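The values are calculated or read from the model by the stated rules, or taken from the named source; none is laboratory data. All of these numbers come straight from a predicted model, not from anything done at the bench. Here the Cβ is made from the backbone with ideal geometry for all residues, glycine too, and neighbour counts use every protein chain on show.
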Amino acid sequence: MAKGLLAEKLGMAHIFNNEGKMVTVTVLRVGPCFVSQIKTTANDGYEAVQLAFAEAKEKNLSKAELGHLKKASIGAKRHLAEFKGFDSVAVGAELKASDIFALNDTVKVSGTSKGKGTQGVIKRHGFAGGPAGHGSRFQRHPGSIGSNTTPGRVFKGLKMGGRMGNAQSTVRNLKVVKIEADQNLIFVSGSVPGRDTSIVTIEKIGN
């Protein structure tokens, strides 16, 4: 984990950079996040900063969660995540997008990818399929999955149909192309995992 913040994916758009070229971007509402706990080697075995993001109703949190957040005096929050790389922050401190990120920073974004249900091998793994005509009856099938008499079984990990998406996914080496500090918006090049309004983490790569 590196220095980063929690964010909400708002959607995708096109903007023009300083060179007049159109760039496809994803708009993220980054923070404000609040420091809910500081993990230390002495107490927890490792060093990290736990951040809380997004307002929540107290009735939707457990007593343990409420007590943990009230101890930091930050109110009810919906999402928690841990990050490393912070030098000196205090419990209860507020962190905004402009506090961590700057233009042209290289970042990685992690989230839960869109669920696509149960899919076959062509959509899930990019198989080519068979000939479509002349009665082949082999258009979108996976084909033979077995080996010879020896070993006479199907190997583990074979690419087959199954559940696609709805899994943790990370996209690396994205560029911060625009920042609107007053609204805590960050525009990153390319696409990031998840549907609109989903929660992601954005972390800085390098210094």
Test residue 102 against the criterion of being modelled with pLDDT under 95, under 30 Å from residue 33 (Cα atoms) and surrounded by fewer than 16 Cβ atoms within 10 Å (Cβ to Cβ), and give yes or no.
yes
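Considering each residue of region 17-45, count those that are assigned to a loop (DSSP other than H, G, I, E, B) and either closer than 18 Å to residue 197 by Cα or not assigned by TED's automatic domain parsing to the domain that holds residue 103 (or both), and give that number.
From region 17-45, those assigned to a loop (DSSP other than H, G, I, E, B) are 17-21, 31-32, 40, 45; that's our starting set.
Cutting the leftovers down to either closer than 18 Å to residue 197 by Cα or not assigned by TED's automatic domain parsing to the domain that holds residue 103 (or both) gives us 31-32.
Residues meeting the conditions: 2.
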Based on what the data block shows, is residue 90 outside any loop (DSSP other than H, G, I, E, B), of a type in the set (A, V, I, L, M) and in contact with a strand residue (DSSP E or B) (Cβ under 8 Å, 6 or more places away or on another chain)?
no
Which of the residues belonging to region 66-76 are of a type outside the set (Ser, Thr, Tyr) and either closer than 12 Å to residue 37 by Cβ or loosely packed, with under 15 Cβ neighbours inside 10 Å (or both)?
67, 68, 69, 70, 71, 72, 74, 75
Which count do you get for residues in region 114-133 that are of a type in the set (Ser, Thr, Tyr) and at pLDDT below 95?
0
Could you please find all residues in region 162-200 being of a type in the set (D, E, K, R) and assigned to a strand (DSSP E or B)?
163, 172, 175, 178, 180
Taking interchain pairs and intrachain pairs at least six residues apart, which have beta carbon atoms under 9 angstrom, with the first residue in region 82-103 and free of Cβ contacts under 8 Å to residues at least 12 places away in the same chain and the second exposed (fewer than 13 other Cβ atoms within 10 Å of the Cβ)?
none
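When you scan region 46-54, do you find a residue that is in the same structural domain as residue 95 (by TED's automatic domain parsing), out of contact with any helix residue (DSSP H, G or I) (no Cβ under 8 Å at 6 or more places or on another chain) and over 30 Å from residue 190 (Cβ atoms), even just one?
Kept after step one, since they are in the same structural domain as residue 95 (by TED's automatic domain parsing), are these residues of region 46-54: 46-54.
Narrowing further to those that are out of contact with any helix residue (DSSP H, G or I) (no Cβ under 8 Å at 6 or more places or on another chain): 46, 48-51, 53-54.
Next cut, over 30 Å from residue 190 (Cβ atoms) only: 46.
Yes, some residue in region 46-54 is in the same structural domain as residue 95 (by TED's automatic domain parsing), out of contact with any helix residue (DSSP H, G or I) (no Cβ under 8 Å at 6 or more places or on another chain) and over 30 Å from residue 190 (Cβ atoms).
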